[in-house]
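Asker: For reference, the structure I am asking about is given below.
Readers should treat all values here as calculations from the given coordinates under stated rules, not as data from a laboratory. Everything numeric in this text was worked out from a predicted model, so none of it was measured. Cβ atoms come from the backbone with ideal geometry, glycine included; neighbour counts cover every protein chain shown.
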Amino acid sequence: VGPGSAGFINVEREAELSGSIHTKAFYILEGLLRSLLACHHPIALDASLAFEQSYGGIDGDSASGAETCCLLSALARIPLRQDLAMTGAIDQFGNILPVGGVNEKIEGFFDVWVDRGMDGAGGVLIPESNGGDLMLRPDLVEAAREGRFAIHAISTIHQALELLTGQSAEWVLRRAEARSRRFWKLVAPRGQASGPPVRSPGRPAR
């Protein structure tokens, strides 16, 4: 992430490795980020997002919630917890939408968690609307009951940010917006960088 004019860059799309559903999800993500940042000026940044060392093509929208959190993390310079995985699509209002294969995704991360000898605070964030779809293995259910693995059901991107950063979503968004505004001042034509007052970022209006 840095000052520039390219906006949010989907590296997978630029490399022709992104399927149509993933590409659409990224456009939705862009619209949501513009709303969340509450900007009264053009987005004046270059922010790229890629699935590192993935060369076979990707599709689907189930990572778009996590992608949103990653971009906000980079812009606000606030790290995300690495002991939590997330799945969930997003809409332009910041709602977390259901995904397919939720059981397999939870169990896949749990297996990685166990293989690496982790124990205690880890877990997953899933769409609240997928709660009725859960049919998990007995060993995972036992780990959740014993507090060794958590399953967080979320319905908004704000809830995801708070779980992943340990900070309030509004605080994260204020930091992200402030840095976005600094970028604008660096690249804006002289005399245009001051702009009108900026409202405090928050939840997108419905």
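Asker: Within the stretch 1-37, can you find the residues that are touching an Asp or Glu at 6+ places or on another chain (Cβ under 6 Å), part of a loop (DSSP other than H, G, I, E, B), surrounded by fewer than 20 Cβ atoms within 10 Å (Cβ to Cβ) and among the aliphatic types (A, V, I, L, M)?
Answerer: Ala6
Asker: Can you tell me which residues in the stretch 67-82 are touching a helix residue (DSSP H, G or I) at 6+ places or on another chain (Cβ under 8 Å) and either within 21 Å of Phe183 (Cα to Cα) or buried (at least 17 other Cβ atoms within 10 Å of the Cβ) (or both)? Spell out how you get there, then give the answer.
Answerer: Start the filter on the stretch 67-82 by keeping residues that are touching a helix residue (DSSP H, G or I) at 6+ places or on another chain (Cβ under 8 Å), which leaves 67-69, 71-73, 75-81.
The answer is Glu67, Thr68, Cys69, Leu71, Leu72, Ser73, Leu75, Ala76, Arg77, Ile78, Pro79, Leu80.
Table: residues versus (1) small (Gly, Ala, Ser); (2) touching a residue at least 12 places away in the same chain (Cβ under 8 Å).
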{"position": "Phe8", "(1), (2)": "no, yes"}
{"position": "Gly19", "(1), (2)": "yes, yes"}
{"position": "Leu29", "(1), (2)": "no, yes"}
{"position": "His41", "(1), (2)": "no, yes"}
{"position": "Ala44", "(1), (2)": "yes, yes"}
{"position": "Gln53", "(1), (2)": "no, no"}
{"position": "Ala66", "(1), (2)": "yes, yes"}
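Asker: Does the stretch 143-159 contain any residue that is exposed (fewer than 15 other Cβ atoms within 10 Å of the Cβ) and under 24 Å from the mean Cα position of the chain (by Cα)? Break it down into steps so the answer makes sense when it comes.
Answerer: To start, the set of residues in the stretch 143-159 that are exposed (fewer than 15 other Cβ atoms within 10 Å of the Cβ) comprises 145-147.
Those still in the list that are under 24 Å from the mean Cα position of the chain (by Cα) too: none.
Within the stretch 143-159, none of the residues are exposed (fewer than 15 other Cβ atoms within 10 Å of the Cβ) and under 24 Å from the mean Cα position of the chain (by Cα).
Asker: I'd like to know if the stretch 113-133 contains one or more residues that are β-branched (Val, Ile, Thr) and assigned to a helix (DSSP H, G or I).
Answerer: Going through the stretch 113-133, the residues β-branched (Val, Ile, Thr) turn out to be 114, 124, 126.
Right, trim to assigned to a helix (DSSP H, G or I) and you get 114.
The answer is yes; a qualifying residue exists.
Asker: Taking only pairs six or more apart or across chains, which ones have beta-carbon atoms under 9 Å, a first residue in the stretch 93-118 that is at positive phi and buried (at least 16 other Cβ atoms within 10 Å of the Cβ), and a second residue that is assigned to a helix (DSSP H, G or I) and not polar (S, T, N, Q)?
Answerer: Partner pairs satisfying both residue conditions: Gly94/Leu32; Gly94/Leu36; Gly94/Ile157; Gly94/His158.
Asker: Could you tell me which numbered condition Ser62 fails, if it satisfies all but one of (1) in contact with a helix residue (DSSP H, G or I) (Cβ under 6 Å, 6 or more places away or on another chain); (2) of a type in the set (Ser, Thr, Tyr); (3) closer than 30 Å to Ala150 by Cα?
Answerer: Answer for Ser62: the failing condition is (1).
Asker: Mind listing just one residue for me: the one in the stretch 42-59 that is assigned to a strand (DSSP E or B) and more than 16 Å from the chain's Cα centre (by Cα) and, of those, nearest to Ala15 (Cα to Cα)? It would help to see each step written out before you state the result.
Answerer: Restricting attention to the stretch 42-59, the residues satisfying the condition of being assigned to a strand (DSSP E or B) are 45-49, 58.
Those left that are additionally more than 16 Å from the chain's Cα centre (by Cα): 45-46, 58.
Working: Leu45: 20, Asp46: 17, Ile58: 11 Å.
Residue satisfying both the conditions and the ranking: Ile58.
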